[in-house]
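To start, the structure under review is shown below, and the notes come after it.
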Amino acid sequence: MPYGFFSSLKNLLKHGPGALQNLAATAAGIARGRTWDFPPDTMGAAAAPESGAANPLRKFFDARQTGRGIWKWIHYFDIYHRHFQKFVGQEVHLVEVGIFSGGSLDMWKDYFGPKCHVYGVDIEPACKAYEDARTHVFIGDQGNRDFWREFKKQVPRVDILVDDGGHKAHQQIATLEEILPHLRPGGVYLCEDVVGLHNRFAAYVAGLADNLNDMSHKNGEILAVDANGMQRMIHSIHTYPFVTVIEKHLAPVAELSAPRHGTEWQPFL
């Protein structure tokens, strides 16, 4: 059962019939969204795969024919580059959960440059072998919140987290809830391999995104909303095939406003 269902059920018990109507409307919207698709005559011909020449991460991946392995869906590289390129050449502290054969650790250091510090997290003790002067490896269970609390004591700065770990919803949720507040302003959280219909982590993220749309009016001529916790801290939530990305604001946002500019207005609003 999706985690969002239990949140809605709790809200229902608290708020009564109105919440029941909202729950039914939400379920209907999800059902419609899952069944709608683009008409075949509007999709056009599929484009040929890009070579990756303009994307340094894809270029690194394509060149890696020997040595430590990297295993990624090809479309991930454009997502990485879109959200991570602002950190290139800067001091950046990246956490990767699930480091497997260690090749992606090399990729991040090559991409971000010499000021990049990488922290790998894996449940397999053998992954300690990937440590070097710029890479520290922590052995632990990403679903264990005590592990993350100790991790945060040892790693006070995190700019990026890439979750390619156990891929189970309870692990992904624990990692997000422990590390997203810990990310520095402007930080980026990315979770990979969010796959399958009725994915429980995807349902959880939909609940987070729903909070970004929450709105309560203030009195006065200016339409304005006191930012809730998510709106205050989160700039955006992005959903791609198999990937979720969350970006934090550079500074907390107190309110969202829509002031009117101009003197001529139609009378019907």
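The values are calculated or read from the model by the stated rules, or taken from the named source; none is laboratory data. On a predicted model such as this, the values are computed, not experimentally measured, just so you know. Using ideal geometry, Cβ is built from the backbone for each residue, glycine included, and neighbour counts are taken over all protein chains shown.
Of the residues Y130, Y80, which is at negative phi, buried (at least 19 other Cβ atoms within 10 Å of the Cβ), in contact (Cβ under 8 Å) with a residue 24 or more places away in the chain and over 21 Å from the mean Cα position of the chain (by Cα)?
One residue alone meets the criteria, Y130.
Quick one: is Y130 over 26 Å from F201 (Cα atoms) and assigned by TED's automatic domain parsing to the domain that holds T244?
yes
Being surrounded by 10 or more Cβ atoms within 10 Å (Cβ to Cβ) and either part of a loop (DSSP other than H, G, I, E, B) or out of contact with any helix residue (DSSP H, G or I) (no Cβ under 9 Å at 6 or more places or on another chain) (or both) is the filter here; which residues of region 256-269 pass it?
S257
Filter region 165-224 down to residues that are small (G, A, S) and not in a loop (DSSP other than H, G, I, E, B) and give me whichever is surrounded by the most Cβ atoms within 10 Å (Cβ to Cβ).
Once the filter is applied, the top-ranked residue is A202.
Can you tell me which of (1) among the polar types (S, T, N, Q); (2) without any contact (Cβ under 8 Å) to a residue 60 or more places away in the chain; (3) buried (at least 17 other Cβ atoms within 10 Å of the Cβ) is the one Q85 doesn't meet?
Result: Q85 fails condition (3) only.
Can you tell me which residues in region 86-118 are within 24 Å of G69 (Cβ to Cβ), part of a loop (DSSP other than H, G, I, E, B) and in contact with a Lys or Arg (Cβ under 6 Å, 6 or more places away or on another chain)?
Listed by number, the residues that qualify are S101, G102.
Based on this model, can you work out whether V118 counts as more than 25 Å from F201 (Cβ to Cβ), within 22 Å of the chain's Cα centre (by Cα) and either assigned by TED's automatic domain parsing to the domain that holds S236 or modelled with pLDDT of 95 or more (or both)?
So V118 fails the test.
Which members of region 79-95 meet the condition of being touching an Asp or Glu at 6+ places or on another chain (Cβ under 8 Å) and closer than 20 Å to P241 by Cβ?
Of everything in region 79-95, just one residue is touching an Asp or Glu at 6+ places or on another chain (Cβ under 8 Å) and closer than 20 Å to P241 by Cβ, namely H83.
Is it the case that region 48-57 has a residue that's assigned to a helix (DSSP H, G or I), surrounded by fewer than 16 Cβ atoms within 10 Å (Cβ to Cβ), out of contact with any helix residue (DSSP H, G or I) (no Cβ under 8 Å at 6 or more places or on another chain) and outside the structural domain of V188 (by TED's automatic domain parsing)?
no
Report yes if V137 is crowded, with 20+ Cβ neighbours inside 10 Å and either touching a Ser or Thr at 6+ places or on another chain (Cβ under 9 Å) or part of a loop (DSSP other than H, G, I, E, B) (or both), otherwise no.
The answer is no for V137.
For F147, indicate whether it is without any contact (Cβ under 8 Å) to a residue 24 or more places away in the chain, in a strand (DSSP E or B) and either surrounded by fewer than 18 Cβ atoms within 10 Å (Cβ to Cβ) or not charged (D, E, K, R) (or both).
no
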